[in-house]
Structures are given as C-alpha cells and as structure tokens.
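Just below is one structure, and these are the notes that go with it.
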Amino acid sequence: MTNWNLWFGTYYRFHPLFSIVILLSVLAGYFIETATLFAIVFVHEIGHVMAAKSFGWRVKEVQLLPFGGVVVVEEQGSVPAWQEIVVSLWGPLQNVWMMIAALALQWCGLISGEWAAYFIQANLFIALFNLMPILPLDGGKIMQSCLSMWLPYHRVILFSCIVSLILSAILVAASVLQLLRGSIQMNLLIIGLFLLYSNWYSYKGLSYHFMRFLINREFVLTRLINQGTLAQPIVVNERIKVTDVVRLLIREKYHLVYVMDERGIIRTVLPEQPLLHSYFNESKRGCAISELFM
C-alpha cells in the first residue's frame with residue numbers, strides 16, 4: 001500500500017482491492033471515470049475524518065477502497081453511539097452535496113449534461129452502497145451503533161457479523177449469477193468477495209473485538225458516572241459465570257448486577273467494576289458469581 005500523510009495528520013492508504021479495480025477500469029478504457037471515482041471516494045472519506053476529528057477521535061489511518069473506505073480509529077466501542085452514527089453518516093452526506101453541486105454546475109452551463117449525469121450516478125451509487133447494512137460499510141456501522149444502545153454489546157457484534165456475512169454472500173451469489181448469464185459484473189464480484197472475507201475475519205476475531213470493548217469500559221463508566229446516569233439492573237442466578245454476566249453489558253448503560261439464590265432471594269448487588277476485574281483475571285473468568293462474591 002502507498003501512504004500519504006494528508007489532512008489532519010491522517011494516513012490515507014490505497015487498499016490492494018482499490019488498485020485491482022482501478023487497473024481493470026483503466027484497461028477497459030475508463031480512465032476519466034476512474035479518476036472521477038477516486039475523487040468521489042476521497043471526498044467521501046474526508047467527510048468521515050472531519051467528523052471524527054471534530055469529536056476528538058484519534059484517527060490512525062484511512063484505507064481507501066473503490067466504494068468508500070475504512071476509517072481506523074482508537075475509540076472502538078468507547079465513544080457514545082450517537083457520535084459513531086454521525087461519523088458514519090458524514091461520508092454519504094458528502095456525496096449528497098457533490099450531487100447538488102453537479103446539478104448547479106450543469107444548470108450554469110459549466111459542465112456537460114452527460115458528465116454531470118455520470119458524476120451524480122457515481123455519487124448516488126457510492127452513497128447507497130455504503131448505506132447497506134454490511135460491515136465495514138457505513139450502513140453496517142450505523143446498524144451496529146443503533147443496536148448497541150439497547151442490546152448487550154457481545155450480542156450486537158455477533159449479530160452484526162452474521163448479518164454482514166449473509167448479505168455479503170448474497171452479493172457474491174448475485175454477481176456470480178449475473179456472470180453466468182453473460183453480464184460481466186467483475187468489479188461488484190471483487191467487492192463482494194472482499195466484504196465476505198472481511199466479515200469472516202471479523203467473525204473469527206469477535207473475542208478480540210469484545211475484549212477491546214471491555215478494556216475501554218472503564219473510560220465509558222467514568223463518563224457515565226460523571227455526567228450522571230440511571231443504573232440498568234441485570235438479574236442473574238448465583239451460579240452464573242462471570243463471563244456470561246459480562247456478555248450482558250450494554251454499551252451506553254451503567255449496570256448493577258442483582259444476584260439471586262435458588263429461592264429467588266437477592267443475595268448481593270454488584271457494580272460492574274469488580275466483575276470486570278474478575279473477567280480480566282483468567283483464573284476467575286470461568287468462576288460462578290457465588291464463588292467470588294458470596
């Protein structure tokens with residue numbers, strides 16, 4: 001990959017997939033269209049970076065893809081979900097204003113109607129494609145962020161990976177079906193295969209993703225407590241393991257865990273912190289609540 005240190009000190013990198021699709025387009029004689037596509041993708045990603053930086057996020061790099069890109073940040077699961085939604089939407093919004101600008105330039109007679117039509121069509125495709133509920137597309141991130149406000153985070157990332165895998169497989173199957181019918185959709189097939197591989201890799205690394213969420217949990221709890229928050233109760237049996245309790249944590253909630261015995265009597269009430277400390281101790285992670293706190 002080739003690196004440039006550009007806006008806001010952020011590294012922008014061409015993903016190998018970008019190079020493959022660009023090469024295929026150039027060989028097919030679509031150099032102008034390819035250059036236009038690159039400009040649209042770049043502005044799309046600048047939108048994400050500007051939004052992320054405005055919230056004080058630490059943006060490590062941006063991987064440029066033919067249909068958008070992936071903004072790699074440090075704040076995975078540790079910032080408010082609404083900020084992630086705003087950052088995800090800020091990319092497609094760049095496509096909206098670019099379409100409006102193209103219409104205005106066409107109306108003024110500064111660009112041809114044919115070129116304006118292609119520019120608008122390309123922006124519309126990139127915006128709508130990125131809003132599909134597939135990770136790591138913007139729509140997949142929005143889906144994940146919305147669900148994380150109400151459902152346990154472990155369940156959310158598992159559900160998001162499975163949905164993304166299914167939809168990626170459907171995209172690949174549709175591309176192959178078009179290929180068998182004689183309609184070549186090689187670019188779409190390559191993108192579909194990339195999404196399928198990316199989500200399979202994410203599924204295999206789900207435990208790592210969840211661990212990052214728990215490591216950042218202390219910062220989230222400090223933020224919630226400092227601003228004042230209502231505690232979300234979690235009611236469990238005393239025999240439940242620490243791992244299973246931790247998997248019930250909701251991203252934007254502070255929890256108090258009510259531990260009940262077999263007779264339905266509350267034996268103790270635990271805040272999150274001692275449970276997290278026990279989880280990070282591998283020797284205690286598989287222990288029942290009653291073994292550690294009762």
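The values are calculated or read from the model by the stated rules, or taken from the named source; none is laboratory data. Keep in mind the model is a prediction, meaning the values are calculated, not measured. Glycine gets a Cβ as well: all are built from the backbone with ideal geometry, and neighbour counts include every protein chain shown. Accessible surface areas use protein heavy atoms only, side chains included; no ligands, DNA or RNA. Shrake-Rupley method; radii C 1.70, N 1.55, O 1.52, S 1.80 Å.
At a glance:
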{"quantity": "HN-Hα J in Hz across the range 228-243 - Karplus 6.51, -1.76, 1.60, θ = phi - 60°, x for Gly and Pro", "calculated": "x, 8, 7, 6, 9, x, 10, 9, 9, 7, 5, 8, 5, 7, 4, 4"}
{"quantity": "Protection proxy ranking, peptides 130-137, 253-260, average beta carbon neighbours within 10 Å, highest first", "calculated": "130-137, 253-260"}
{"quantity": "Magnitude of the charge dipole, the range 92-222, Cβ model with Lys/Arg +1 and Asp/Glu -1, debye to 20", "calculated": "380 debye"}
{"quantity": "Whole-percent pair-distance distribution, where bins are 5 Å wide, for the alpha carbons of the range 26-173", "calculated": "2, 9, 17, 19, 18, 15, 9, 6, 3, 1, 0"}
{"quantity": "Gain on full stretching of the segment that runs from residue 208 to residue 159 - 0.36 nm per residue minus C-alpha separation", "calculated": "16.1 nm"}
{"quantity": "Net +/- balance of residues flanking residue 249 in space, Cβ distance below 9 Å, scoring K and R +1, D and E -1", "calculated": "+3"}
{"quantity": "Peptides ranked, highest mean first, by Cβ atoms within 10 Å: ranges 141-153, 271-283", "calculated": "141-153, 271-283"}
{"quantity": "Under the Karplus curve 6.51 cos²θ - 1.76 cosθ + 1.60, θ = phi - 60°, whole-Hz ³J(HN,Hα) for the range 121-134, x wherever Gly or Pro sits", "calculated": "4, 5, 5, 5, 5, 5, 5, 5, 4, 5, 8, 5, x, 10"}
{"quantity": "Å² per residue, accessible surface of the range 103-244 at 1.4 Å", "calculated": "56 Å²"}
{"quantity": "Selection of trypsin sites (Lys or Arg not before Pro), the range 145-213, meeting DSSP coil and at most 14 other Cβ within 10 Å", "calculated": "181"}
{"quantity": "For the range 201-242 and the range 127-175, distance of Cα centres in Å", "calculated": "21 Å"}
{"quantity": "Prolate/oblate/rounded label for the range 102-190 (Cα gyration tensor, a/c 1.5)", "calculated": "oblate"}
{"quantity": "Calculated from backbone phi, Karplus (6.51, -1.76, 1.60) coupling profile of the range 98-113 in Hz, x at Gly/Pro", "calculated": "5, 5, 5, 4, 5, 5, 5, 5, 5, 5, 7, x, 8, 9, 6, x"}
{"quantity": "Prolate/oblate/rounded label for the range 180-279 (Cα gyration tensor, a/c 1.5)", "calculated": "prolate"}
{"quantity": "Three-way shape call for the range 184-231 based on the alpha-carbon gyration tensor, with the a/c threshold at 1.5", "calculated": "prolate"}
{"quantity": "Share of alpha-carbon pairs per 10 Å distance bin for the range 131-252, given as whole %", "calculated": "12, 34, 27, 15, 8, 3, 0"}
{"quantity": "Residue-span extension gain [residue 169 to residue 105] - 0.36 nm each, minus C-alpha spacing", "calculated": "19.1 nm"}
